[in-house]
Amino acid sequence: MSEILEEISSLLQKGRAPKVKAAVQQALDQGIPASTILQDGLLAGMDVVGAKFKNNEVFVPEVLVAARAMNKGVEVLRPYLVSDGVEEKGVAVIGTVKGDMHDIGKNLVRMMLEGKGLRVIDLGVDVAPETFVDAARENGAQLVCCSALLTTTMPEMKNVVDAVNASELKGRVKIMVGGAPITQEYADEIGADCYTPDAATAAEAALHLCEQMSA
Amino acid sequence: MNSRERVIAAINHKEPDRIPIDFGATGQTGINVCALYRLRDYLGLPKKDVDVFEVIQMLGVVDEDLRQIMKSDVIGLNHPEDSMGVPDTGKKKKFIMPDGTPCLLNAGNEWDVDPDGSIYMYPQGDRSAPRSVKMLDHGYFFNIIDRAPEYDEDNLTPREDFKNFFSVMSDETAKYYENESKRLYDETEYAIIGNLAGAGFGDPGAIPAPFEKHPKGIRKFDDWVAAQLMYPEYVEEVFEMQTEYMLKNLQIYKDAVGDRIQIVWISGTDFGTQNGPFMSKDLFEELYKPYYRRVCDWVHNNTNWKTYIHTCGAITTLLDDIADMGVDIVNPVQLSAKGMDAQLLKDKWGDRLVFWGGGVDTQHTLPSGTPEEVAAQVTERLPVLSRGGGYVFNTIHNIVGDTKAENIWAAFHAVHEYNDRHFGRQG
């Protein structure tokens, strides 16, 4: 792998946003395709951050600054990715369910999904079931990701599952759930497709689901 | 032993005559107004509007009749100003929760109910300032609204940004603490915890400052957390400023309350998440520990108080540092977080740290278990946590609004029964 891509990955892991931006431009100037810079530079760096986060080797601050650095790099790449016709690896809509305004965990999951090369539409907090469905339809999403922190709001996830199943999206999108009170047992009970206990595992599962669905 | 003696024994790592109980003495060992209202009814106590002592979480004041039934050994010496920055002048205003629970707020508070049922409140009751907190329809508490404008990373001004966030305690407040501490000390036998706060360094729940009219600088959660790595000099300057105010306020507070309080509550910063610590051990040691140490050292050099912090989450990697920096008591002992095993905590840190909480899981068991499951969990944990003293019973964090009264009673009654069984019946 070229040195500059390794440098991009390494700078991203340290959260050095301005340097990531400059290195991405340098890689473009060297004639490296945008899709390669994305995959082997930026996303490779986020993969390392995600794995270390899962192993408790790095923590929320490191993930946040790495994600910010990645976004700076992607900003430089975006026009080239568009003109090269590079497709994203999948599309996910994400939000905290109705009645719940907690978004720290949801935001971490969003960053991790983006770090896997997925396009993520963040619907914010207090999101109604029909808003999840409408956004998934409008954006051609493969994934609907729901977060809840409260024991009082986790039943809203069932309403999202029901709303998806009552629409033409049934079977065409997968529903992922997570948040402190959620368990695998609960996900099974409400008919969600996937539960993950942390943000890094969620990103791995999301990518896997998208690959399965496009196969 | 009376309640005060019992708690003093426990926090000095001596086995008291029975396991001490806290019910509602702090802002993280309390009970939401809705649950409190129903619990009073369940226990046959007279119905009454619930006084609110912490507005954002909507925690209710536990009255003496209920405190006695729950057999709490601790009482809180609370701020004369609520978390919206509104002083308690004795005049109250009725506030109805979305589920109908009637409450009383300090009269200076102002709020709106929007057409969708959401309730918004104004900082310091000032309608000319942007609304700072929001309770959703069907909600039980307020969520904090981010209001600070974007900051300029090339021109960071920490002292200017936080000049309205910190303040020196007024003479009036000091007088209130003096009188109220005398009343609690002379007229009750409870252990007294001074809910002073002030050393919650980098508390993500406080940084957005719902009580400030126009917060500015780095105030959003994500920005603040990232700033610890991106602009550590900014964070350090804020902490330095905070320490200066805290040390001044501690002196004023000490002059006011003397040794009538036994414990001082200094910080509610969460250092843990469900799965691990919020930050690396290195970052904690570099950025946080020195400031906490200065505060704790002051307390130990100048008073007989024990220092008390609240931090949720999986914090086993930080507990050596927490003990080292002079913290005596840790709450809420979130045994539902990764690696937080009661036996391990007692074995490794039980001789240095007092554990306050941990009695029953408030994420699953207490809100959704049966009363039998609740009682069984409490009964199983008590012998482990209370071994050798160093333990005060409470649920893990506040009792949330929709918790069933029978489950709350099951949790506390299980402690009463355990105490009766092991230490003999009490009066």
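Residue-wise HN-Hα couplings along the stretch B:11-26, as the Karplus relation 6.51 cos²θ - 1.76 cosθ + 1.60 with θ = phi - 60° gives them from phi, are 6, 9, 6, 10, 6, x, 6, 6, 5, x, 10, 10, 9, x, 7, 9 Hz; Gly and Pro carry x.
Distance from the alpha carbon centroid of the stretch B:291-306 to that of the stretch A:6-84 works out to 45 angstrom. Measuring max minus min along each principal axis, the C-alpha atoms of the stretch A:91-214 give extents of 35, 30, 25 Å (largest first). Across the alpha-carbon set of the protein assembly as shown, the Rg to Rh ratio works out to 0.98, Rh being the Kirkwood radius. Altogether, the Stokes-Einstein calculation at 4 °C and 1.567 mPa s, with the Kirkwood radius of the stretch B:83-189 over Cα pairs as Rh, returns a diffusion coefficient of 77 µm²/s. Based on DSSP H segments of at least four residues, each scored -39500 (n - 2.57), chain A has a per-residue ellipticity at 222 nm of -16500 deg cm²/dmol. Annotation: extensible slack from B:D282 through B:H214 equals 21.1 nm (criterion: 0.36 nm per residue apart, minus Cα-Cα distance). Relative contact order, whole percent, for the stretch A:11-73 stands at 58, derived from Cα pairs under 8 Å and 6 or more residues apart. Sequentially through the stretch B:116-133, phi angles give Karplus couplings (6.51, -1.76, 1.60; θ = phi - 60°) of 7, x, 6, 10, 10, 10, 9, x, 6, x, 9, 6, 8, 8, x, 5, 10, 9 Hz, Gly and Pro residues having no value and appearing as x. Annotation for the stretch B:62-118 versus the stretch B:323-348: alpha-carbon center distance of 31 Å. Full extension of the chain between A:N139 and A:K14 yields a length gain of 41.8 nm, computed as 0.36 nm times the residue separation minus the alpha carbon distance. Put in line by how crowded their Cβ is, counting other Cβ atoms within 10 Å and starting with the fewest, B:S170, A:S35, B:S386, A:S147 read B:S170, A:S35, B:S386, A:S147. Determine the calculated [θ] at 222 nm for chain B from helices alone, applying -39500 (n - 2.57) to every DSSP H run no shorter than 4 residues and normalising by the residue count; nearest 500 deg cm²/dmol. So the helix-based figure for chain B works out to -11000 deg cm²/dmol.
For the stretch A:19-111, the orientation-averaged shadow of the C-alpha convex hull comes to 7.0 nm² (one quarter of the hull surface).
Each residue of the stretch B:171-184 is assigned a 3J(HN,Hα), and the resulting list reads 4, 5, 5, 4, 5, 4, 4, 4, 5, 5, 5, 5, 4, 5 Hz, derived from the Karplus form 6.51 cos²θ - 1.76 cosθ + 1.60 (θ = phi - 60°), x at Gly and Pro.
DSSP beta bridges fully contained in chain B are about 45 percent antiparallel. Note on the protein assembly as shown: antiparallel DSSP beta bridges, both residues inside, total approximately 30 percent of the bridges counted.
Taking trypsin sites (Lys or Arg not before Pro) across the stretch B:3-93, the ones in a DSSP loop with at most 12 further Cβ atoms lying within 10 angstrom of their Cβ are B:K14, B:K47, B:K48, B:K91. Percent of Cα pairs in the stretch B:340-427 per distance bin of 5 Å, from zero to the largest separation: 3, 15, 26, 22, 18, 12, 5, 0.
Each part reduced to its alpha carbon centroid, the stretch B:385-410 and the stretch B:153-231 end up 27 Å apart.
Ordered by the number of other Cβ atoms lying within 10 Å of each residue's own Cβ, fewest first, B:L156, B:L318 fall into the sequence B:L156, B:L318.
Net charge near B:M241: determine it from the other residues with C-beta under 14 Å of the C-beta of B:M241, scoring Lys and Arg +1 and Asp and Glu -1. That sum, taken over residues with Cβ under 14 Å, equals -3. Which log10 I(q)/I(0) values does chain B give at q = 0.07, 0.08, 0.11, 0.13 Å⁻¹ under the Debye formula, counting every alpha carbon as one identical point scatterer? Each listed q maps to, in turn, -0.32, -0.42, -0.83, -1.22. Taken over the Cα atoms of chain A, the convex hull encloses 115 Å³ per residue. In loop segments of the stretch A:110-215 as defined by DSSP, there are no chymotrypsin sites (Phe, Trp or Tyr not before Pro) with at most 16 further C-beta atoms inside 10 Å of their C-beta.
If R0 is 60 Å, what FRET efficiency do you get for B:E15 and B:D116 from their C-beta distance, rounded to 0.05? Efficiency, rounded to the nearest 0.05: 0.65. Averaging the sequence gap over all C-alpha pairs within less than 8 Å and six or more residues apart, then dividing by the number of residues, gives chain B a relative contact order of 19 percent. Each principal axis of the stretch B:1-143 carries a Cα extent, and these read 54, 31, 25 Å when sorted largest first.
Quick note: the coordinates plus some simple rules give every number you see, no bench work behind them. This one's a predicted model, so the numbers in the text were calculated from it and none came from an experiment. Here Cβ is always computed from backbone atoms with ideal geometry, including for glycine, and neighbour counts include all displayed protein chains.
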